[in-house]
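Remarks on the structure that follows.
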Amino acid sequence: MNLIMNGSEAILSAADGTRELVVISQKPGTDGVLVAVRDSGAGMDPQNIDRMFDAFYTTKPTGMGMGLSISRSIIEAHGGRIWAAPNDGRGLTVQFTLPTETEKLR
């Protein structure tokens, strides 16, 4: 939910152009599930993409910088991982993977 809220805020702050938020889920093989949230907002400086998951790092004027850090902790605690990449053109895509129940049993 945090990723969707962040993407929504990013597209609302976009000055012009198409405002688009896409949420995709898929099972790309037998290793688990992938969820991706892609927005058409302003994006992010590629040098700061890895920092966006650090506690207290924010690009929002009223942000606390805790949402993505907490999301990462929850995802990693369940055997997954989270990352972000700039889109071709505008915006950013944040993705995470989680193992399926079958994978956790192995």
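How big is the accessible area of Thr100 in square angstrom, nearest 10, if you roll a 1.4 angstrom probe over the protein chains?
20 Å²
For region 1-60, what is Rg from Cα atoms divided by 2.2 N^0.38 Å, rounded to two decimals?
Region 1-60 yields a ratio of 1.28.
By how many nm would the segment from Met1 to Gln26 lengthen if fully extended, with 0.36 nm per residue of separation less the alpha-carbon distance?
Length gained, Met1 through Gln26: 7.3 nm.
In Å², what does the accessible area per residue of the chain work out to with a 1.4 Å probe? Intermediate results must be reported in sequence, preceding the final value.
Working: 6870 Å² over 106 residues.
On a per-residue basis, the chain sits at 65 Å².
Just to check I understand the Karplus step: with θ = phi - 60° and J = 6.51 cos²θ - 1.76 cosθ + 1.60, what whole-Hz values come out for region 15-25, glycine and proline as x?
Each residue of region 15-25 in turn: 6, 8, x, 5, 9, 9, 10, 10, 10, 10, 10 Hz.
Given Cα pairs under 8 Å that are at least 6 residues apart, what percent is the relative contact order of region 4-61?
32 percent
Connecting C-alpha atoms closer than 10 Å in a GNM of the chain, tell me which of Ile70, Ile24, Ile11 has the biggest fluctuation.
Maximum among the listed residues: Ile24.
Report, please, the projected area of the chain averaged over directions, based on the convex hull of its C-alpha atoms, in nm².
Answer in nm², one decimal: 7.1.
For the chain, what relative contact order do you get, as a whole percent, if you take Cα pairs closer than 8 Å and at least 6 residues apart?
28 percent.
Quick one: angle between helix 67-77 and the longest Cα principal axis of the chain, in degrees between 0 and 90, rounded to 10, please.
Rounded to the nearest ten degrees, it is 10.
Against the longest alpha carbon principal axis of the chain, how many degrees, from 0 to 90 and to the nearest 10, is the axis of helix 2-12 turned?
Approximately 20 degrees, to the nearest 10.
Using a 1.4 Å probe over the heavy atoms of the protein chains, calculate the carbon and sulfur portion of the accessible area of the chain as a whole percent.
Details: 3760 of 6870 Å².
After summing per-atom areas, the C and S share lands at 55 percent.
The values are calculated or read from the model by the stated rules, or taken from the named source; none is laboratory data. Being a predicted model, the structure only gives us computed values, none of them experimental. What goes into the accessible areas is simple: the full protein's heavy atoms, side chains included, and nothing from ligands, DNA or RNA. Shrake-Rupley method; radii C 1.70, N 1.55, O 1.52, S 1.80 Å.
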